[in-house]
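Taking it in order: structure first as C-alpha cells, then the write-up.
We did not get these values from a lab; they are worked out from the coordinates using the rules stated. Every value quoted in this text rests on a predicted model; they were computed, and no experiment measured them. No Cβ is skipped: glycine too gets one built from the backbone with ideal geometry, and neighbour counts run over all protein chains shown.
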Amino acid sequence: MTLPARRQPASAVSFAVTAEAHLDDVYGYLVYLTRDRTLAEDLAAETFEKALKLWRRFDPRRASARTWLCQIARTTALDWFRAEERRRRREQAVARSDVAAGDMPEGLSPELEAALAALSAGEREVIALRILLELDGDEAARVLGISPTAVSTRLSRALKKLEERMTVHV
Amino acid sequence: MSEHLLDQIRAAKPVAPDTLRERVRTQAAALPARRPLLSRLTQRRFLVALPMTLVVGLLAAGVIAKLPQESSSDTAVAVGAATTATAEASRGRESLPAQSAPFQNSDSVAIAPTPGRLQRVDAELRLRVEGLDELSNATKRAMRVAQSLGGYVASVQYDAPARGVGGANLVLRVPSARFQTAIAQLSALGTILGQRIGIEDLQTSANDLTDQIVDTQRLIAQLRRQLASTSLVDEERAVLQARLAEARRRLADLQTALRGTRAEGALATVQVSLTTEAITPAAEKEGRLDRLGEILAWEGTALLYALVLVGPFVLLGILVWLALRLRRRSEETRLLERA
C-alpha cells in the first residue's frame, strides 16, 4: 500500500523554479491590468522581490503558487495606482492618465486591442485571470478577494462589454 | 463572446522580456530571511498544541490540588510588637484520635508566650467528643485543668439535649506562664477540630507606662520641694499646688493602667468549644477531588472574566477590521475603474 503523495512545503521547492514557471503569467496579468508593458515589467520585478521576502510564508495548501503570486502582483499594482492617483492629484491633472493607450500585448487584432483598452482595469484583470491565465473561478476569486459568483458576474459583464466594443469597431 | 476572440486572447499571451527574466533570476539567487515563529504555527501544529495545552493545564491543576494544603497553623505573623498565630485544623486531622493529637505534637507547638515578657495570650480550641457522657466528663475536666493550673473558669455554657448535637463552651483564664500546659491538657480532651492562638506583646506599653510613672513621680518630688520654699508668694504657691494635684491624678491613672496591663498579661484566655457532632468520613475522601474541581472552576472563572473583559475589544477590533476591509475594497474598485 502506498501513501498518497504529500504536497511539498514551500521551503522544499525552489523559489527560482517557481518564479521561472509563473513569470509569464504574472507579467501577462500585469500587462492587462496596466495596459503598459514597461510598467508591467517593473511591477513584475517588484512582485517577485516581495514574493521572495514572503516565500517562507507561502503555504501551498492554501493556494497555488500562481494564485499567490497573482495576489502579490495585484497588491503591487494597486499600490502603484494609488501612488499615481496621489501624484496626479498633486499635479492637478484630473482624469489624465500617463499610461499610454493601446500598449496592450502584441499579437492581438487592432479591433480587439482597442476594445480591451476601452475596458476598465477591473474588467481587464478578470479577463486576464480567467481567459489568459485560465485560473478557475475559485482561484480568480482568491486573487480578487471576492466570491466565485462575483467573479463569474464580473467576467460575464466584461466579455459582454468587450463584444459590444468589437461590434462597434467592426 | 465568440470562442475565436478568446483563443486570440490566449494566443497573444504576453511573454516576459529577457531583461525581466534576468532581474527575477538575480533576485531569486538571494536567500530569504527565516520564517517568523507565528507563521510557522500551522493548523496541524495548532491542533497538536491545543490539546497539549489543555492537558498541561489539567495536570497543573492536579499538581496544585495534590500539594499539601498550607495550614494556617504553620503561619505565625509578627507585626510590630504583636504576634498572632492561627491554627485551623485541616479536615485530615479530624480523623486523628484525641490521644494522638495533643497540643505538644501539633504544628503550633512553637507558638508560645515568650518567657520574661509581658504578653496578652488567648486561644480557641474546638474539640469533638464521643457522646453526651464524654461531653459532660470533658467539660468537668476542662474546668479542673483551669483550677489545677492556678486559673479559673470565667464562663461555661453546657448544652446536652436528649436528641441531636450536644455542646459546651468554656472560657478559662490560666496563668500565662502555664499556658502551654493548659493547651496540652485541654487538647487531650477530644479530637481537635480547630485551634487558634493569639499572642500580643504588652511589654513595650508596660515599659512606657513605667517610664511615665517615674517621670511623674520626679515631677511630684520637684513640686513638693518648690512648695517647701518660704519665699513663694500666694499666687505662685496656688499654681504649684494645682500642678501638684494634676500630677498626682496623672500618677494614679498611670498606676491603674500599669496594673491593668500586667493583669492582662498575667492570665491567658482559653476558649474551649466541645461538640458531639459527628464527622462525615466522606469529607476527607472528597477533599482532593473537591479541590481539583475548585481549581478547575477558578480557572474557568478566570477564563470567563478574561473573555468578558477582552470580548468587547475583540468585537470592536473585528468591526474596525471589516470596515477597513470594505473601505479598501471600494477604493480598489474605484482605482481599477479609473485605470
Among the listed pairs A:Lys50/B:Lys13; A:Lys50/A:Lys161; A:Lys53/B:Lys13; A:Lys161/B:Lys13, those beyond 32 Å (Cα-Cα): A:Lys50/A:Lys161
Cα atoms only: what Rg and Dmax, in Å, come out for region B:208-262? 13.2, 43
What average number of partner chain Cβ atoms lie no more than 10 Å from the Cβ of the residues making up A:24-31? 4
Read phi for every residue in region A:159-165 and hand back ³J(HN,Hα) as whole Hz from Karplus 6.51 cos²θ - 1.76 cosθ + 1.60, θ = phi - 60°, with x for Gly and Pro. 5, 5, 5, 5, 5, 4, 4
Quote the relative contact order of region A:101-170 in percent (integer), defining contacts as alpha-carbon pairs under 8 Å separated by 6+ residues. 36
Placing each pseudo-label 7 Å from Cα in the direction of the beta carbon, B:Thr114 and B:Ala30 end up separated by a distance in nanometres of 7.4
Cα-Cα pairs in region A:13-169 separated by more than 27 Å, as a whole percent of all pairs, come to 25
Taking θ = phi - 60°, what integer Hz values does the Karplus form 6.51 cos²θ - 1.76 cosθ + 1.60 yield along region B:184-195, in sequence order, with x for Gly and Pro? 4, 5, 5, 4, 7, 6, x, 7, 6, 9, x, 8
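Before anything else, pin down the relative contact order of region A:13-169: Cα pairs under 8 Å, at least 6 apart, normalised by residue count, whole percent.
28
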Among A:153-161, B:150-158, B:193-201, the order from most to least packed when residues are scored by Cβ within 10 Å on average: B:193-201, A:153-161, B:150-158
Quick one: in region B:156-282, what % of C-alpha pairs are over 18 Å apart? 70
If amide hydrogens are placed 1.01 Å from N in the peptide plane, which non-local residues have theirs closer than 5 Å to the one on B:Ala268? B:Val174, B:Ser176
Check cross-link reach from A:Lys160 to the aspartates and glutamates: straight Cα distance under 14 Å, and skip same-chain residues fewer than eight apart. A:Glu123, B:Glu3
HN-Hα J in Hz across region B:8-20 - Karplus 6.51, -1.76, 1.60, θ = phi - 60°, x for Gly and Pro: 5, 5, 5, 5, 9, 4, x, 10, 4, x, 4, 4, 5
Given a cut-off of under 8 Å on Cα pairs at least six residues apart, what relative contact order in percent is computed for region B:208-262? 55
Neighbouring Cβ atoms within 10 Å as the yardstick, rank B:Met52, B:Met143 fewest first. B:Met52, B:Met143
For peptide A:84-91, what's the mean number of Cβ atoms from other chains within 10 Å of each residue's Cβ? 1
Among A:Phe58, B:Phe179, which comes first, second and so on when ranked by fewest other beta-carbon atoms within 10 Å? A:Phe58, B:Phe179
Ordered by packing density, taken as the mean number of other Cβ atoms within 10 Å over each peptide's residues, highest first, how do A:36-47, B:15-26, A:19-30 rank? A:19-30, A:36-47, B:15-26
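Partner chain Cβ atoms within 10 Å, averaged over the residues of B:151-161 - can you pull that number for me?
Across the residues of B:151-161, the mean count of other-chain Cβ atoms within 10 Å is 0.
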